[in-house]
1. If you find the alpha carbon centre of the stretch 215-265 and of the stretch 26-87, how far apart are they in angstrom?
2. For the residue pair Arg320 and Lys185, what label-to-label distance in nm results when each label sits 7 Å from Cα along the Cα-to-beta-carbon direction?
3. Quick one: if you take sqrt(5λ) for each eigenvalue of the C-alpha gyration tensor of the stretch 79-160, what semi-axes come out, biggest first, whole angstrom?
4. For the stretch 127-239, what mean projected area does the convex hull of the alpha carbons give, in nm²?
5. How much mean residue ellipticity at 222 nm does the chain get from its helices, if each DSSP H run of length 4 or more adds -39500 (n - 2.57) and you divide by all residues, to the nearest 500 deg cm²/dmol?
6. Report P(r) for the stretch 246-387: all Cα-Cα distances, bin width 5 Å, range 0 to the bin holding the largest distance, values in whole percent.
7. How big is the chain by the Kirkwood estimate over distinct Cα pairs, in Å?
8. Roughly speaking, what is the centre-to-centre gap between the stretch 165-181 and the stretch 330-393 when only Cα atoms are used, to the nearest Å?
Amino acid sequence: MTIELVPTIHPDHRELVESVYAAVDGVVAACPRELYVQRSREGTHAPELWDALVAADLLAIGIPEEQGGAGGGLTGTTAVMESLSRAGIPPLQYSLTTFSREAILRHGNESQVKEHVLATISGHRRFCLGVTEPEAGTNSFAARTTARRTESGGYRINGQKVYISAADESDHILLLARTAPPGEKVGRRSGFGLFAVDMSLPGIELRKLDIQWHAPEYQFEVFFDDVEVPAEALIGEEGLGFDNILSCLNQERVTIAAWALGLGEYALAKAVEYAKVRAPFGKPIGANQGVQHPLALAKAEMEAARQVMYSAAAEYDSGRDAGAKANMAKLLGSRAALNAVDAAIQTHGGSAFVYETDVVTLWPMIRVLQIAPINNESVLNFIGERVLGLPRS
């Protein structure tokens, strides 16, 4: 008997989540896992995935109905990401675009919402996120990319960002840059600007990073050399850019948890099926506790993380501070998924390392999610300080 655990979903969104699960079938048909990994091996993209997301109207989810979207909030976005990841095709560009546009929804003006947010519904606007820098790493206060006012009222941007996913497929980058004069102290509510920058502008150069993670979406260094942007590229108030981008990071944490847990479930399903039929000694290896228990533990850990994930989404959609649960969801989801993939590898034995088996191919992406977009040590710092009230480490 299979027990289906029902996650904590905002009551207003339950029907939408169920429709998401149905719509995802069409996306999977257009871009199955086999095509996804094949394109990765070839070093090309999988436009079928994005086109199918648009055709299924899944990019409308998360945008309020009164602004032309389908509603559903973070709960709906999480359901899209989780269900696609369960099929083995996590759409990185989808997650980047949805939490980038969240900052514009919250802090942009009406014109910016129309230009940048509503345009994502039709797929005509794709975002990447420009925060991390080579020297600063996770310490964004040490960022060196600058945006200086010009005589025309716009800004001139200079600097470098690194590990910028899907930069080559994005038409805009949501960029965090220093607006404070050299030597002036910066903080959460001072010294930064958040910009929606057109990636086709002169002075922007991409350099692809050689990162093997078996997905048809790639990472880049992005260089800005005297890039001129208009005043309307600034999202929100100058100086509050860091605070403005922080406001959408809870959504990022939950979406990443959905990404991890979906892939973990995909790995677990493969392992369970293999354990049922592999019988070198006359009975399925899944009958042995040494094989069965790690898989059972992985399932329990992932279900627990999933409950926290949807609970965090519900808190976010209700307008409450979801910071604690969002961070816990990212931590628990990424760790549980890693254990699931490790158990799947152990179950398959040597065959896990054969490319066509498509098991070890899951490991790099899940391992990356222990580090990115925020490392789990930083999440533990947050929980220790903000939840437990311990001294700042």
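Read the figures in this text as sums done on the coordinates, not as results from a lab. It should be emphasised that the depicted structure is a prediction, and the values quoted were computed from it without experimental measurement. Cβ placement follows ideal geometry from the backbone for every residue including glycine, while neighbour counts extend to all protein chains displayed.
1. When both Cα centres are located, 18 Å separates them.
2. 3.5
3. 28, 20, 10
4. Averaging across all directions leaves 7.1 nm² for the Cα convex hull.
5. Values: 11 runs with 169 residues, N = 393.
-14000 deg cm²/dmol, from helical runs alone.
6. 2, 11, 19, 19, 16, 11, 9, 6, 4, 1, 1, 0
7. 21.7
8. 27
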